[in-house]
Amino acid sequence: MATASRRLLAALLLPVFLALVALASAVHAEDDFADARRLMVESQIRPRGVTDPAVLAALETVPRHLFVPPGERGQAYSDRPLPIGAGQTISQPYIVGLMTSLLELKPGARVLEVGTGSGYQAAVLSRVAGEVYTIEILRPLAERARHTLADLGYRNVHTRVGDGFQGWPEAAPFDGIIVTAAPPAVPEPLLRQLKAGGRLVIPVGGRDSLQNLLVLTKRPDGGFDRASVLPVRFVPMTGEAQRRDR
């Protein structure tokens, strides 16, 4: 009888033991990724001049490895872009941090992102802004990003499938707009959807050469102050931007 009782107890406890082992493994793995995020910030981003505390905290918090394909997770925190499918990439961490900081967002800001991609940039923005609106022209990427963002609890990110050249008029005006694909020229609809004092951060240039990362700040009179930050290389903006370049 005692032997039978011990066997029954062992059978009951085995699932609990296995669950605890799995939980411990997951916690250990997440601790490793947390260390990788801290190292990423301290070795790749802060030394290059990105010092906004809110941006750095977002980069230390958002699990970049969950926004890349499983085969790329070991490289998620390396200093380079990674493929995410459909011929698209996730920008290197420094560029994500730099572009986010260039927006100079205040708490509660409303931000538009053109080019959702994996959803990682939107997730970082969500930790700095109040509301994030993000558009992706490629439906498979948009749907995958939407599920990833929802599963990870990013409730202040609103996604849409569409051509970001036209922006998101019904959600405008925005305190900041960030574009993660390069058009040959700045789309006029995006300029119209900025608030006075708002900033547009966008790479501009051709597909076969380096592009310029620009910051356009909207003045109270409706004009724009324009600054060139550094040469970059992004995938080209498709859709209307591409048609106008023919």
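Every number here is computed from the coordinates shown, using simple stated rules; none is lab data. Since the structure is predicted, the reported quantities are computational estimates derived from the model, not experimental observations. With ideal geometry, Cβ positions are generated from the backbone for all residues, glycine too; neighbour counts draw on all protein chains shown.
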Neighbour-count ranking [beta-carbon atoms within 10 angstrom, fewest first] of 158, 147, 65:
147, 158, 65
When the charge dipole of the chain is computed with +1 on Lys and Arg Cβ and -1 on Asp and Glu Cβ about the Cα centre, the Cα farthest towards its positive end, among 40, 183, 202, belongs to 183
Taking the convex hull of the Cα atoms, report for the stretch 169-246 its projected area averaged over all directions, in nm².
5.1 nm²
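Based on the Cβ-Cβ distance of residue 52 and residue 139, what FRET efficiency does E = 1/(1 + (r/R0)^6) give at R0 = 35 Å, to the nearest 0.05?
It comes out at approximately 0.60.
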Per residue, how much space in cubic angstrom lies within the convex hull of the C-alpha atoms of the chain?
147 Å³
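Can you give the calculated 222 nm mean residue ellipticity of the chain, where each DSSP H run of n ≥ 4 adds -39,500 (n - 2.57) and the sum is split over every residue, rounded to the nearest 500 deg cm²/dmol?
Computed mean residue ellipticity for the chain: -11000 deg cm²/dmol.
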Note, the stretch 180-189: 3J(HN,Hα) by Karplus (6.51, -1.76, 1.60, θ = phi - 60°), whole Hz, Gly/Pro = x, goes 10, 9, 9, x, x, 8, 5, x, 4, x
By the scheme Lys and Arg +1, Asp and Glu -1, what is the net charge of all other residues having a beta-carbon under 15 Å from that of residue 225?
+3
Go through 228, 126, 101 and say which Cα lies farthest out towards the positive end of the charge dipole of the chain; charges sit on Cβ, +1 for Lys and Arg, -1 for Asp and Glu.
126
In debye to the nearest 20, the charge dipole size for the stretch 61-214, taken about the Cα centre with +1 at each Lys and Arg Cβ and -1 at each Asp and Glu Cβ, equals 220 debye
Between residue 228 and residue 80, what length comes free when the chain is fully extended (0.36 nm per residue of separation minus the Cα-Cα distance, one decimal in nm)?
51.1 nm
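Would you tally the net charge around residue 180, using a Cβ to Cβ cut-off of less than 10 Å, leaving residue 180 out, and scoring K and R as +1, D and E as -1? It would help to have the intermediate numbers written out before the result.
Values: positive: none; negative: 113, 136.
Around residue 180, the surrounding residues sum to -2.
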